[in-house]
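The values are calculated or read from the model by the stated rules, or taken from the named source; none is laboratory data. All values reported here derive from a predicted model rather than from experimental measurement. All Cβ positions, glycine included, derive from the backbone under ideal geometry; neighbour counts span all protein chains shown.
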Amino acid sequence: MTALLIILVAALLGITIWQISKIFKLSQPIESDDSQIANNKDNQKQGKMFLVFTVFLYGLMIYSFWELSKFYAPGASAHSEDYDQLFFISLGLIMFVQVIIQFLIHWFAYKYRGKEGQKALFYADNDKLEFIWTIIPVITLAALIIYGLFSWSEIMNVEETEDTLVVEIYAYQFDWRARYSGSDKTLGEANVRFIEGVNQLGLNESDPYAQDDIITSELHLPVDRPVLFKFRSQDVLHSAYFPFFRSQMNVVPGMTTQFGFTPTTTSKEIRNSEYMVEKVRNINEIRKNNDNLGPDEKSYEFEYYLLCNKICGVSHYNMQMKIVVETEEEYQKWINEQQTFGELTAQSQN
Amino acid sequence: MSVAAQPLANDHAHEEGHHEPTFIEKYIFSTDHKMIAKQYLITGLIMGFIGIAMSMLMRLQLAWPNETFWIYEVLLGKFGEDGVMDPSIYLALSTIHGTIMIFYVLTAGLSGTFSNLLIPLQIGARDMASGFMNMLSYWLFAISCVVIVSSFFVEAGPASSGWTVYPPLSALPQAIGGSGLGMTLWLVAITIFVASSLLGSLNYIVTVLNLRTQGMTMTRLPLTIWAFFVTAIIGVVSFPVLLAAGLLLLMDRSFGTSFFLSDIYIQGEVLSYQGGSPVLYEHLFWFLGHPEVYIVLLPALGITSEIIATNSRKPIFGYRAMIASILAIAFLSTVVWGHHMFVSGMNPFLGSVFTFTTLLIAIPSGVKAFNYITTLWKGNLQLNPGMLFSIGLVSTFVTGGLTGIILGDSTLDINVHDTYFVIAHFHLVMGISALYGLFAGIYHWFPKMFGRMMNKNLGYVHFWITAIGAYGIFFPMHFIGMAGLPRRYYKFTEFPYFDDLADTNILISVFAFITAGAQLFFVYNFIHSIFYGKKAERNPWRSTTLEWTTPVEHIHGNWPGEIPKVYRWSYDYSKMNKEDTDYIIPGQDYVPQNVPIQENEEEMNE
């Protein structure tokens with residue numbers, strides 16, 4: 001693959017050099033007209049080039065939608081359906097406008113290319129036309145804004161109920177930790193000034209709420225239960241990006257930020273979805289042919305992940321945490337197996 | 001005796017006793033706006049060369065993350081040992097690429113060049129209001145360039161926390177090597193840059209307000225001048241805020257204050273900072289950062305307005321609407337900064353407000369795009385290289401602007417924020433569009449600057465490869481962004497999920513190399529034409545504006561005799577006489593601004 005591309009690049013460079021020499025020849029003043037101002041011939045030729053370019057541009061757009069739109073990640077949270085709908089409506093709208101406007105620009109550039117004896121139309125103003133293309137965007141955008149704002153307030157204003165699972169996501173260079181509130185359903189007090197030894201997240205050891213907190217390096221979430229994340233960073237800005245759940249929030253040292261969503265598809269379900277089976281098969285095909293990977297890295301199985309999406313230092317590109325979405329029973333079983341903060345500190349003191 | 005010292009309204013600027021300027025006066029410490037424009041242009045182009053070269057290294061790394069390339073070792077030294085790029089230098093490259101392209105190339109290189117060249121020439125002034133301040137502005141810019149480039153030669157590398165230099169990353173050398181001396185140099189460079197920009201902008205504003213020739217009312221100004229004028233105002237309003245943010249950051253870094261820092265534990269120790277907030281920095285930064293987009297873009301739009309009208313042989317459609325759009329964009333640009341911060345942790349209600357103001361910007365932008373298209377309609381398009389780049393700008397401005405509707409919507413921003421979707425969006429709407437504006441301006445006003453013509457065939461090749469390449473790079477890039485691919489990642493191989501995007505990344509990189517290669521045509525054409533280009537005539541594009549009434553040879557004071565008076569707006573192209581039998585001046589499809597209203601014509605637009 002790489003060798004092929006190198007050959008391709010080399011070939012293109014060769015063509016480029018060949019073209020340069022040709023152009024040098026062309027640029028020599030052989031013709032009588034060497035004014036360097038576009039003449040009738042140039043106008044004809046460049047006008048037609050705009051048509052050729054239009055074909056390229058539309059071809060590229062079609063190719064991109066045909067071949068690349070499959071990369072759009074499937075949604076797996078309660079609000080992702082709403083998000084995707086708004087996204088596709090907006091995308092459809094802008095592509096509709098794009099297709100028309102690009103055509104007009106390039107078609108006009110071709111159609112009205114200069115010709116000898118052609119007269120341009122002196123046309124300086126038309127209030128009606130300008131009113132039309134002011135008012136149409138106003139109406140369309142008003143609709144989009146209102147739609148968007150409803151979704152926004154729905155997503156951002158998470159109401160905490162009995163059922164809500166509160167999880168702290170803790171970020172540091174260059175990893176994540178999750179903290180569950182334990183049986184008392186309350187996260188213990190924490191501050192970086194308490195960080196010491198095994199107390200990696202800076203919990204206040206004298207706070208009784210902290211004792212039953214559970215700190216993990218994997219994020220497990222029960223399906224169909226609303227989760228409210230509280231984000232905390234110990235050093236620099238990070239951003240907790242959950243692409244499959246259409247969720248993202250910056251993690252800011254010195255303050256707690258929050259974001260909530262309800263996962264709706266378990267890891268098992270999405271792994272077995274038609275989309276993911278096909279995608280993972282394709283990825284494994286690529287990995288099989290990748291000589292840089294060790295034998296144990298060749299096979300990939302899909303897992304949800306959380307990644308850092310705000311530049312945070314040299315290993316920013318590899319700051320990730322595995323997310324497992326599972327049934328309530330599986331989740332309960334898992335969380336009960338985890339060590340509480342109280343147990344952790346007791347153990348380290350022995 | 002310099003021109004600047006003379007009252008500019010004086011029509012008899014050239015008395016006897018004028019001594020020949022020495023080499024230093026003429027080429028180095030010149031106070032002549034035309035020479036300063038050329039200085040800005042050439043410095044800006046050199047910075048552009050550096051900035052684009054950096055992006056090539058990044059594209060090489062992103063396309064083949066696990067390969068070694070000797071070029072890394074050659075260009076990056078210890079950061080590219082054995083042909084492997086160091087992750088920290090990748091971040092440094094992206095930081096300095098952004099800084100150089102936005103501030104040094106597209107702010108100073110574009111606005112500095114053409115504001116200086118065109119404001120006095122198009123409004124009919126002998127020079128800028130203050131030639132000395134103008135010279136100072138350029139030399140501060142030059143010093144700033146040296147400082148930012150020199151940061152590549154410090155031990156721990158240059159600033160590497162992104163061009164936005166968000167604290168705490170940018171404040172703490174413990175967090176990343178580049179936040180040591182490299183970051184200090186970045187702050188020094190930007191501080192000098194802001195001073196330079198303010199001196200320049202104030203000069204532009206005063207010149208446009210005070211030194212217009214007789215008859216040149218504000219509504220007769222070419223749109224270029226309107227764009228430069230409004231750009232200068234936005235610069236004066238917003239650059240000082242960046243300076244404030246930079247100073248506070250400097251104090252946090254050097255004097256232990258806590259404006260932006262709080263509760264930090266790093267490398268095994270708790271720092272004493274307490275009570276500051278990085279979000280405050282984000283607000284201050286983007287209060288400049290967003291208007292900056294329009295500081296970059298408006299001059300490009302002004303330039304293309306002029307070039308499209310001239311080469312269409314038609315008046316710009318909706319002159320007053322164009323001015324209104326420029327003003328509306330300028331105003332709105334100062335109240336939308338929060339759309340960079342939808343997921344920063346600020347109150348979601350603010351997000352709603354900023355969504356509203358942001359999407360409003362689409363309206364004046366749309367008006368501008370439609371007006372350009374209508375200007376092309378039924379024209380007699382002279383497809384000179386400058387015109388091609390102008391049409392290209394309208395195309396990329398629309399493509400890039402439309403995706404802004406997705407990013408400006410707080411809901412949709414959640415999932416594409418800081419992904420390659422954003423990269424594709426702003427490169428098209430701001431980077432490529434503004435670069436097209438820069439190229440258009442260079443091809444169009446080269447005869448005015450250097451008295452010679454650029455080679456048109458090389459210009460055509462330059463344009464078409466660039467146009468294909470730019471779309472080839474940035475259109476597919478939206479889709480890898482929609483896949484959730486984050487920006488500022490040194491490589492994506494740590495996530496097997498992204499493995500199937502590798503081919504698209506290679507495709508993008510190949511387009512990037514071809515496009516960058518095409519710029520060599522321009523470099524050759526530019527340098528060759530300065531010395532060997534065909535000698536230009538006085539008004540090669542048959543244009544109406546005043547700069548084409550000056551002699552080809554540059555002189556102090558621009559016009560040898562009296563400053564021309566202005567009798568009409570600058571867009572009387574293809575205007576017919578009352579009987580509709582011929583153009584107003586028979587056989588000539590344009591009427592220069594200094595030609596009085598003729599008997600057989602109706603006056604427009606007063």
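Among the residues of the stretch A:159-170, which ones are closer than 24 Å to B:Asp263 by Cβ and among the aliphatic types (A, V, I, L, M)?
Residues satisfying the conditions are A:Val166, A:Val167, A:Ile169.
Being within 14 Å of another protein chain (Cβ to nearest Cβ), over 22 Å from A:Tyr305 (Cα atoms) and out of contact with any Leu (no Cβ under 6 Å at 6 or more places or on another chain): is that true of A:Arg232 here?
no
Would you mind telling me which numbered condition in (1) within 25 Å of A:Glu81 (Cα to Cα); (2) touching an Asp or Glu at 6+ places or on another chain (Cβ under 8 Å); (3) at the interface with chain B (Cβ under 9 Å from one of its Cβ atoms); (4) not polar (S, T, N, Q) A:Lys268 fails?
Of the numbered conditions (1) within 25 Å of A:Glu81 (Cα to Cα); (2) touching an Asp or Glu at 6+ places or on another chain (Cβ under 8 Å); (3) at the interface with chain B (Cβ under 9 Å from one of its Cβ atoms); (4) not polar (S, T, N, Q), the odd one out for A:Lys268 is (3).
Find the residue count for the stretch B:572-587, including only residues that are in contact (Cβ under 8 Å) with a residue 40 or more places away in the chain and touching a Lys or Arg at 6+ places or on another chain (Cβ under 8 Å).
Going through the stretch B:572-587 one residue at a time, the tally reaches 2.
Based on what the data block shows, is A:Val227 more than 16 Å from A:Ile169 (Cβ to Cβ) and among the β-branched types (Val, Ile, Thr)?
Taking the combined requirement at face value, the residue does not satisfy it.
Among the numbered conditions (1) buried (at least 24 other Cβ atoms within 10 Å of the Cβ); (2) more than 19 Å from B:Ala369 (Cα to Cα); (3) modelled with pLDDT of 95 or more, tell me where B:Glu306 comes up short.
(2)
Here are B:Phe526, B:Phe531, B:Phe522, B:Phe492: which of them is more than 9 Å from chain A (Cβ to nearest Cβ) and either over 23 Å from the mean Cα position of the chain (by Cα) or of a type in the set (Ser, Thr, Tyr) (or both)?
The unique qualifying residue is B:Phe531.
Is it true that some residue in the stretch A:240-262 is crowded, with 18+ Cβ neighbours inside 10 Å, more than 12 Å from chain B (Cβ to nearest Cβ) and touching a residue at least 24 places away in the same chain (Cβ under 8 Å)?
Yes, there is a match, as at least one residue in the stretch A:240-262 is crowded, with 18+ Cβ neighbours inside 10 Å, more than 12 Å from chain B (Cβ to nearest Cβ) and touching a residue at least 24 places away in the same chain (Cβ under 8 Å).
Provide a single number: the residues in the stretch A:159-211 that are surrounded by fewer than 18 Cβ atoms within 10 Å (Cβ to Cβ) and part of a loop (DSSP other than H, G, I, E, B).
Final tally of qualifying residues: 20.
Quick check on this structure: which one of B:Pro21, B:Pro87 is of a type outside the set (A, V, I, L, M, F, W, C) and not assigned by TED's automatic domain parsing to the domain that holds B:Thr164?
Only one candidate passes the filter, namely B:Pro21.
Among the residues of the stretch A:302-309, is any free of Cβ contacts under 8 Å to residues at least 24 places away in the same chain, within 9 Å of chain B (Cβ to nearest Cβ), farther than 25 Å from A:Leu203 by Cβ and of a type outside the set (Ser, Thr, Tyr)?
no
Those residues that are in a loop (DSSP other than H, G, I, E, B) and within 14 Å of chain A (Cβ to nearest Cβ), I need them from the stretch B:554-578; list them, please.
B:Arg568, B:Trp569, B:Ser570, B:Tyr571, B:Asp572, B:Ser574, B:Lys575, B:Asn577, B:Lys578
Write out, first by first residue and then by second, each pair whose Cβ atoms fall under 6 Å of each other, whose residues are 6+ apart or on separate chains, and whose first residue, in the stretch B:224-243, is closer than 13 Å to B:Ile323 by Cβ while the second is surrounded by fewer than 23 Cβ atoms within 10 Å (Cβ to Cβ).
These pairs meet every condition: B:Trp226/B:Ile323; B:Val230/B:Ala330.
So which of B:Gly112, B:Gly51, B:Gly80 ends up being part of a helix (DSSP H, G or I) and either in contact (Cβ under 8 Å) with a residue 60 or more places away in the chain or under 27 Å from B:Pro564 (Cβ atoms) (or both)?
The conditions single out B:Gly112.
Restricted to the stretch B:247-267, and to residues that are over 17 Å from A:Tyr170 (Cβ atoms) and among the hydroxyl-bearing types (Ser, Thr, Tyr), which residue is farthest from the other protein chains (Cβ to nearest Cβ)?
The extreme case among them is B:Ser254.
Being facing chain B (nearest Cβ under 9 Å), without any contact (Cβ under 8 Å) to a residue 24 or more places away in the chain and either touching a strand residue (DSSP E or B) at 6+ places or on another chain (Cβ under 8 Å) or surrounded by fewer than 19 Cβ atoms within 10 Å (Cβ to Cβ) (or both) narrows it down to one residue among A:Asp42, A:Asp125; which is it?
A:Asp125 is the lone residue from the list that is facing chain B (nearest Cβ under 9 Å), without any contact (Cβ under 8 Å) to a residue 24 or more places away in the chain and either touching a strand residue (DSSP E or B) at 6+ places or on another chain (Cβ under 8 Å) or surrounded by fewer than 19 Cβ atoms within 10 Å (Cβ to Cβ) (or both).
What's the total number of residues in the stretch B:209-257 that are in a loop (DSSP other than H, G, I, E, B) and within 16 Å of the chain's Cα centre (by Cα)?
Here the count works out to 0.
Condition (residue is more than 30 Å from A:Pro243 (Cβ to Cβ), of a type in the set (Val, Ile, Thr) and surrounded by 21 or more Cβ atoms within 10 Å (Cβ to Cβ)) applied to the stretch B:467-483: is it met by at least one residue?
No, the conditions are met nowhere in the stretch B:467-483.
Sort through B:Val74, B:Val84 and tell me the only one that's over 30 Å from B:Val429 (Cα atoms) and within 14 Å of another protein chain (Cβ to nearest Cβ).
B:Val84
Within the group A:Ser64, A:Ser90, which residue is in contact with a Pro (Cβ under 6 Å, 6 or more places away or on another chain) and facing chain B (nearest Cβ under 7 Å)?
A:Ser64
Within 21 Å of the chain's Cα centre (by Cα) and within 22 Å of A:Arg179 (Cβ to Cβ): which single residue out of A:Leu344, A:Leu307 fits that description?
A:Leu307
Which residue pairs have Cβ atoms closer than 8 Å, lie 6 or more positions apart in sequence or on different chains, and pair a first residue in the stretch B:530-547 that is among the aromatic types (Phe, Trp, Tyr) with a second residue that is surrounded by 21 or more Cβ atoms within 10 Å (Cβ to Cβ) and part of a loop (DSSP other than H, G, I, E, B)?
From the stretch B:530-547, the pairs are B:Trp541/B:Gln382; B:Trp541/B:Asn384.
Residues to consider are B:Thr545, B:Thr549; find the one that is within 26 Å of B:Ile303 (Cα to Cα), modelled with pLDDT of 90 or more, among the β-branched types (Val, Ile, Thr) and buried (at least 22 other Cβ atoms within 10 Å of the Cβ).
B:Thr545
Which ones in the stretch A:133-157 are more than 9 Å from chain B (Cβ to nearest Cβ) and over 20 Å from B:Asp413 (Cα atoms)?
Within the stretch A:133-157, A:Ile135, A:Ile139 qualify.
Starting from the stretch B:450-465, take each residue that is surrounded by fewer than 24 Cβ atoms within 10 Å (Cβ to Cβ) and list its partners that are basic (Lys, Arg), counting only C-beta distances under 7 angstrom and pairs at least six apart or across chains.
Pairs that qualify, where the first residue is surrounded by fewer than 24 Cβ atoms within 10 Å (Cβ to Cβ) and the partner is basic (Lys, Arg), are B:Gly451/B:Lys535; B:Arg452/B:Lys534; B:Arg452/B:Lys535; B:Met453/B:Lys534.
Here are B:Ile508, B:Ile465: which of them is closer than 20 Å to A:Gln102 by Cβ and either within 7 Å of another protein chain (Cβ to nearest Cβ) or of a type in the set (A, V, I, L, M) (or both)?
B:Ile465
With respect to A:Ala73, is the statement that it is part of a loop (DSSP other than H, G, I, E, B), farther than 30 Å from B:Tyr583 by Cβ and facing chain B (nearest Cβ under 8 Å) true?
Yes.
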